[in-house]
1. Output the qualifying pairs, or none if there are none: Cβ atoms under 9 angstrom, residues six or more apart or on different chains, first residue in region 85-114 and in contact (Cβ under 8 Å) with a residue 40 or more places away in the chain, second residue loosely packed, with under 10 Cβ neighbours inside 10 Å and charged (D, E, K, R).
2. Any residue in region 25-44 that is not assigned by TED's automatic domain parsing to the domain that holds Lys63 sitting within a Cβ distance under 9 Å of a residue that is of a type in the set (Val, Ile, Thr) and surrounded by 11 or more Cβ atoms within 10 Å (Cβ to Cβ)? List the pairs, counting only those 6 or more apart or interchain.
3. Give just the number: which of (1) modelled with pLDDT under 95; (2) over 15 Å from Tyr9 (Cα atoms) does Arg76 not satisfy?
Amino acid sequence: MSAELPDYYFRVRDNGAFVYRVDTENRQRRIEMDQIAVVNIRNGEIKPHGGRSLSDRDQAEIKTWMTERKALLAERDIDDIHRAIDYLNTTAHWAQSKASPEHLEMITDDLLLAMHDLRTVLVRKKADRLMKG
């Protein structure tokens, strides 16, 4: 553990985080975390916790975290899509070279429907982009 802890800790949850102020400057020399807010990154809402008001520094730190968190989640989304492409390629190789007839029977309809759905969405979105210019 590093010698210097951050002043804020964000406990990530669906759509945001619980925000804590970290305090190590106390008589017992313990790490104390005091919840100061709940954050929703989907709608940008910052709710102070327990009737407190947030300082300008608190607000700035939370907004910085929200911006960085949104960027991280966007990167992860794209990474997941690249992985999905790899999985599709791996699945095609498996179906061609390794799959038994029984395995193919188990997955073919579900996989074809999922691929058809994906293709339909991608074609429609591509057409929309082309129509817009």
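The values are calculated or read from the model by the stated rules, or taken from the named source; none is laboratory data. Everything numeric in this text was worked out from a predicted model, so none of it was measured. In this analysis, Cβ positions are derived from the backbone assuming ideal geometry, glycine residues included, and neighbour counts consider all displayed protein chains.
1. The qualifying pairs do not exist here.
2. Pairs found: none.
3. It is condition (1) that Arg76 fails.
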